[in-house]
Amino acid sequence: MTSTDQAPDARALPVPDHDVAIIGGGFSGIGAAILLDKAGFSDYVVLEDGDGIGGAWHWNTYPGVAVDIPSFSYQFSFEQTARWSRLYAPGAELKAYAEHCVDKYDVRRRIRLRSRVVAATFDDVAHLWRLDLADGTAITARFVVGATGVLTQPNLPDIPGVADFAGTTMHTARWDHGVDLTGKRVAIIGTGASSVQAVPNIAAVASSLTVFQRTPIWCLPKPDAPMPAPVRALLGAVPGAKRVGRLVSQTYVEVTFPLAAHFYGVVPLAAGGEALGRAYLKRAVRDPEVRAKLTPDYALGCKRPSFSNDYLPAFNRENVHLETGGIAEITPDAVVTRDGTRHEIDVLVLATGFKVFERGNMPTYDVVGAGGVSLDEFWGAQRFQAYHGVSVPGFPNLFSILGPYGYNGSSYFNLIETQTAHVVRALKHARHRGATRVEVTPEANTRFWERMLSRRPRQVFFQGRCGSANSYYFDEHGDVPFRPSPTLETMWDARRYPLGDYRFDAPGTVVAPPTLVAAGAE
Ligand code: NAP
């Protein structure tokens, strides 16, 4: 597998600028920074592309943006607050929570904004990563934690004429608050989670809103409610109250997301969800024709469902029109559907999502590991794989928060804390051994990957009716690189994985890159 030779004098090797570079200043990067610091890895830098922190909650400010998971779960376990104004907090409160965390845990001074990483290259001799930034500078770090998330690069639709529209065009993730939609004729393309939240709010002010739907979304009622000041005060004051709230919330999230999706073949929770979704559609949408168009024909769970109490009822409004015939082109003043109808508009909203599991997006910068191997090419040829979703053989000292087969569908905050626990454990052991090079073994990676793939017979993605879902969950190989595990298993794995699944090498050791064979898992 690998061969090892003794290399040059370790004392002559360059010293990296930082112990750890964390790429991304969203909650993944912030959480990783806090937990690494707590574990004694204080020499870190957070590199953030944007001009503010908070990731998704910095960029997504469209009207109605809010969490889709109860706030008791959508926060760090070590920084639970009772200050949310609703059970499902609005986006601005998440952004404020991110600001609070970076101040409270002294992360802010170690964040470098407007620092876009364009390339990461491993130095096989010095055991460090060189990170090239868009401004032409570079920094080096012994270890890198990739915390860039996945849903960051807006997907612009390849509809003929879209660039020629003469009115205002906005993607939901790049909302222009200078544009007043009051009294305007608005079109929105896409009916994913962002559209579900934006549509009722746009409909409330626009003179007309035309929703261009390609695939209907499963939309379930949202068990949302305001949290008035006395409730918040009570939650804050009663010992254990927040913890109980979190336990209830975590259980709800676990049942509705990971268990429903990954145990579809065992417990028919998704079927119950579909029945609920249909009953809700019947209650919420008066016109049977519109209702039929809004009814998905694929299994719940094949693609990301949504939760909203005002999306479906918005289609009862006089000023809201649903178009499902397909878009032929966009002209300077209209969206033209395939039947030739011109829908004249003033503002075009693109709720067309993000680049996801496609080449060049995982991550968005070039990663060149041991022996000059490109991560993008490796995954392109060998399919997505990563040990616990964290590390990849051939890419030493590099860890991801949201790597393939890392996220199981629970709250992202579980993921962040679990994956960071995995990283901290490896780094602590490296420190203990005096190692400067940490790499997962190909055998451990393959063992994990095969375990993940062996669970397909019970997952909705492979057992449900997903053909018509048009789901971004599926990559170019037909894989769905989510982790088919209950959350407790992921937590256990992160804290108990055999340390022998990694190799730890002393300074100056030159390691031949592993032979990365395609695992014949199926
Ligand atoms: P999305 O779920 O990917 O939805 C994109 C929509 O645009 C889909 O309806 C898609 O149709 C449509 N579309 C894309 N290209 C098109 C084209 N060329 N012509 C016509 N329609 C086109 O994106 P999103 O709504 O921004 O959500 C992305 C993810 O972000 C969500 O799944 C969720 O994970 C996250 N999110 C979370 C929250 C929250 O938690 N509160 C809120 C918003 C987003 P098809 O379905 O046919 O492809």
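The values are calculated or read from the model by the stated rules, or taken from the named source; none is laboratory data. Given the structure is predicted, the values throughout are model-derived calculations rather than measurements. Neighbour counts run over all protein chains shown; Cβ positions are idealised from the backbone, glycine included. All accessible areas refer to the heavy atoms of the entire protein, side chains included, with ligands and DNA or RNA removed. Shrake-Rupley method; radii C 1.70, N 1.55, O 1.52, S 1.80 Å.
Of the strands (runs of 3 or more DSSP E) entirely within the range 330-374, those holding at least 2 residues that are open to solvent by less than 20 Å² (accessible area, probe 1.4 Å) and within 16 Å of the ligand (Cβ to nearest atom) occupy 334-337, 347-350.
Count of the range 100-131 residues, restricted to those that are of a type in the set (Asp, Glu) and open to solvent by less than 50 Å² (accessible area, probe 1.4 Å), is 1.
Which ones in the range 276-294 are crowded, with 20+ Cβ neighbours inside 10 Å, more than 15 Å from the ligand (Cβ to nearest atom) and assigned to a loop (DSSP other than H, G, I, E, B)? Answer for the range 276-294, where residues must be crowded, with 20+ Cβ neighbours inside 10 Å, more than 15 Å from the ligand (Cβ to nearest atom) and assigned to a loop (DSSP other than H, G, I, E, B): just Val285. Taken residue by residue, the range 295-308 has no member that is more than 16 Å from the ligand (Cβ to nearest atom) and open to solvent by 20 Å² or more (accessible area, probe 1.4 Å). Taking the criterion of being in contact with a Lys or Arg (Cβ under 6 Å, 6 or more places away or on another chain) and either at positive phi or part of a helix (DSSP H, G or I) (or both), the residues of the range 23-57 that qualify are Gly54, Trp57. Taking into account only those residues within the range 81-112 that are part of a loop (DSSP other than H, G, I, E, B) and within 18 Å of Trp57 (Cα to Cα), which is nearest to the ligand (Cβ to nearest atom)? Out of the qualifying residues, it is Tyr88. For the range 195-225, the candidate set comprises residues that are within 13 Å of the ligand (Cβ to nearest atom) and part of a loop (DSSP other than H, G, I, E, B); within that set, the residue that is most open to solvent (accessible area, probe 1.4 Å) is Arg214.
Checking the range 493-512 against the condition returns a match, with at least one residue being among the basic types (Lys, Arg), modelled with pLDDT of 95 or more, surrounded by 15 or more Cβ atoms within 10 Å (Cβ to Cβ) and within 19 Å of Gly394 (Cα to Cα). The set of residues in the range 404-423 that are open to solvent by less than 20 Å² (accessible area, probe 1.4 Å) and in contact with a Phe, Trp or Tyr (Cβ under 8 Å, 6 or more places away or on another chain) comprises Pro404, Tyr405, Asn408, Gly409, Ser410, Ser411, Phe413, Leu415, Ile416, Gln419, His422, Val423. Of all positions in the range 142-152, at least one carries a residue that is within 10 Å of the ligand (Cβ to nearest atom) and of a type in the set (A, V, I, L, M, F, W, C). When the residues of the range 33-71 are filtered to those that are of a type in the set (S, T, N, Q) and open to solvent by 10 Å² or more (accessible area, probe 1.4 Å), the one that is nearest to the ligand (Cβ to nearest atom) is Asn60.
Do we find that Val231 is assigned to a helix (DSSP H, G or I), β-branched (Val, Ile, Thr) and out of contact with any helix residue (DSSP H, G or I) (no Cβ under 9 Å at 6 or more places or on another chain) in this structure? Yes, satisfied. The residues on offer are Thr152, Thr169, Thr137, Thr182, and the sole one that is farther than 23 Å from Pro305 by Cβ, in contact with a helix residue (DSSP H, G or I) (Cβ under 9 Å, 6 or more places away or on another chain) and open to solvent by 10 Å² or more (accessible area, probe 1.4 Å) is Thr169.
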